[in-house]
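Student: Let me give you the structure first, and then I'll get to my questions.
The values are calculated or read from the model by the stated rules, or taken from the named source; none is laboratory data. Computed from a predicted model, the values in this text were never measured in an experiment. All Cβ positions, glycine included, derive from the backbone under ideal geometry; neighbour counts span all protein chains shown. The accessibility values were calculated without ligands, DNA or RNA, using every heavy atom of the protein model including side chains. Shrake-Rupley method; radii C 1.70, N 1.55, O 1.52, S 1.80 Å.
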Amino acid sequence: MRSEQEVNGAIERHANTIRRLCMIYLKNYADTEDIFQTVFLKYVLSSVSFESEEHEKAWFIRVTINACKDLLKNFFRSRTVSMDEIMEQPAQLSPDHREVLEAVLSLPQKYRDVVYLHYFEDYTAPQISRILGKNVNTIYTLLTRSKRMLRERLGGDGFEW
């Protein structure tokens, strides 16, 4: 583990470079700060001895880039939408579509996930089964049951998918 003096010196020398790299990759201040902390935590915990300041700088750059790439390819990050986008979406929906969206959101979680992935994201049942780690036939069953529930909530047989 490195001394406080070593860490403070490294922060002074490399903080701007690391933050700029993070902003180029992530385009997000909060994620930049997370990666900044991650990089310096790795530095504190590492036992790497550097041959020169250039070697140290190259190490920081490589660790920063790798941490940014790891964050960007994170499954959760790639399957989420910002709250700002979600808050804007209902205002753009017509009253009929809003009613459908509210009905879908009122379904139990296991049905909601399947309906959302199938009808809103256009995934097939086999794709959904891989995403959720469930059997394909289970997905078909969940879709059938959720359609029935939605038909009851939205008012009968006149409603088409």
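Student: For segment 61-99, how many residues meet the condition of being open to solvent by less than 50 Å² (accessible area, probe 1.4 Å) and modelled with pLDDT of 60 or more?
Tutor: 7
Student: I'd like to know if segment 114-122 contains one or more residues that are more than 29 Å from residue 151 (Cβ to Cβ), modelled with pLDDT of 75 or more and in contact with a Ser or Thr (Cβ under 7 Å, 6 or more places away or on another chain).
Tutor: Within segment 114-122 (the criterion being more than 29 Å from residue 151 (Cβ to Cβ), modelled with pLDDT of 75 or more and in contact with a Ser or Thr (Cβ under 7 Å, 6 or more places away or on another chain)), the answer is no, since none of the residues qualifies.
Student: Same structure, new question: With 24, 11 as the choices, which residue is part of a helix (DSSP H, G or I) and either within 27 Å of the chain's Cα centre (by Cα) or without any contact (Cβ under 8 Å) to a residue 24 or more places away in the chain (or both)?
Tutor: Only one candidate qualifies: 24.
Student: If you don't mind, another one. Could you figure out which of (1) open to solvent by 90 Å² or more (accessible area, probe 1.4 Å); (2) within 14 Å of residue 6 (Cα to Cα); (3) polar (S, T, N, Q) isn't true of residue 37?
Tutor: (2)
Student: Sticking with this structure for a sec: Kindly provide the set of residues from segment 100-151 that are surrounded by 15 or more Cβ atoms within 10 Å (Cβ to Cβ), without any contact (Cβ under 8 Å) to a residue 24 or more places away in the chain and outside any helix (DSSP H, G or I), ordered by number.
Tutor: 123, 134
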